[in-house]
Amino acid sequence: MSRVARRPAAGYALTLAAAGLFAVNGTVSTLALEAGIAPTRLTALRCTGAAVGLLAVLAVAAPGRLRVRPRELPFLALFGVVGVAMTQFLYYVAIGRMPVGIALVFEMTAPVFIALYVWLVRREHVRSRLWLALLLSLSGLVLVAEVWQDGGSLDPLGVGAGLLAAVCLAAYYLLGERGTGTRDPVTLTCWSFVAAAVFWSLAAPWWDFDPAVLGDPVRVSVGALELPLWVLVGWIVVLGAIVPFWLSIASLRHLHPTTAGLVATVEPVFASVVAWLWVEQVLSGWQVAGGVVVLTGIGLAQTARSAPAPSPLPETPAALAS
């Protein structure tokens, strides 16, 4: 990628389009979960579908880039299981118990965990703004959870899943930072989906899945409209994973990774609006205010690292900071 953004407007448009599709995918996934499909099965379907789609595209467009050396296999397995399979599964658990926008706010605290990790473990120098980012993020999460209410206003398991998703997402970035040193982001993400698909084929065997459920009608909260479940799953695979993935990659030809990541933090805003208009998920004033505070902290955490970071991997709402 050129150091100078050639068409910033195109980069912004691509990033916003990817964020919009990921945001809509949250509500579509919520409808699929409410239809009775388990988070494990929905994650398996999404990972497997994305893996097949990406493999097919790369096999036609650039088959040589799919070669894998045996010594890469352990890393790709760890990357796919922790960074992709568990991040997506925990996100689905979270949105099954909390509003989509709130779940994303919790998951998007990953840059704060990344900055803390590189400071504590790697001993990298970080800018002092990290501490303000941490304070804002924690304060915002307190507001989002409305902890002053009896037991808080959010499901504890959902909150735990959202925070664990953030940890797995941070691992995804940190492992991806290593992986992009020897492999391009496109094929690295492709193989991460393949590894995640293999993991779920073992953790949630396909022979235990009744494909007939994909034909079950799902009310999509648009009048009396009902669609078969397979339509929602198809959306989740194609427009919720493969297409926004390519948009995210394409945006990096025009924007610096940090800029793209900061723009992508609009995803919880988009997701909250979509969920409000579509399935009437309403957030309280405190939760909206808390979300704004958290996103401000995330923005600061994105720029807390002193060392420049490589291009981020897609399939996440934010980029590694530089």
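What the phi angles of segment 120-129 give under the Karplus curve with 6.51, -1.76 and 1.60, with θ = phi - 60°, is a coupling list of 7, 9, 7, 6, 6, 6, 10, 6, 5, 5 Hz, glycine and proline written as x. For segment 8-23, backbone phi angles converted through the Karplus equation (6.51, -1.76, 1.60; θ = phi - 60°) give residue-by-residue couplings of x, 4, 5, x, 4, 5, 5, 5, 5, 5, 4, 4, x, 5, 4, 5 Hz, Gly and Pro being listed as x.
Within the set (i) -0.26, -0.54, -0.66, -1.10; (ii) -0.52, -0.76, -0.85, -1.18; (iii) -0.32, -0.61, -0.72, -1.09, the number that log10 I(q)/I(0) by the Debye sum over Cα atoms at q = 0.07, 0.10, 0.11, 0.14 Å⁻¹ takes when calculated for this structure is listed as (i). The order of 270, 75, going from fewest to most other C-beta atoms within 10 Å of their C-beta, is 75, 270. Taken along the Cα-to-beta-carbon direction at a fixed 7 Å, the label points for residue 52 and residue 13 span 3.3 nm.
Considering only 85, 77, 59, the Gaussian network model of the chain with Cα springs below 10 Å gives its largest mean-square fluctuation to 59.
Each of 67, 7 was scored by other Cβ atoms within 10 Å of its Cβ. Listed from fewest to most, they are 67, 7. Taking the fewest neighbouring Cβ atoms within 10 Å as the starting point, the ordered list for 192, 128 is 128, 192.
The alpha carbon gyration tensor of segment 7-123 gives principal lengths a ≥ b ≥ c with a/c below 1.5, which makes the shape rounded. For the pair residue 224 and residue 59, the difference between a 0.36 nm per residue extended length and the Cα-Cα distance amounts to 55.3 nm. Under a Gaussian network description of the chain, with springs only between Cα atoms under 10 Å, the residue in 204, 275, 171 that fluctuates furthest is 204.
Determine which residues of segment 163-200 fall in the zone a paramagnetic label at residue 124 would reach in this model, i.e. backbone nitrogen under 14 Å from the point 7 Å along Cα→Cβ. The answer is 170-181, whose backbone nitrogens lie closer than 14 Å to the label point.
With kT/(6 pi eta Rh) evaluated at 20 °C and eta = 1.002 mPa s, and Rh the Kirkwood radius from Cα pairs, segment 223-293 diffuses with a coefficient of 145 µm²/s according to Stokes-Einstein.
Springs between Cα atoms under 10 Å define the GNM used for the chain, and in it the highest mean-square fluctuation of 57, 118, 194 occurs at 57.
Only the coordinates and a few stated rules stand behind these numbers; no lab work does. Not measured: the values here are computed from a predicted model. Heads up, the Cβs are rebuilt from the backbone with ideal geometry, glycines too, and the neighbour counts pull from every protein chain shown.
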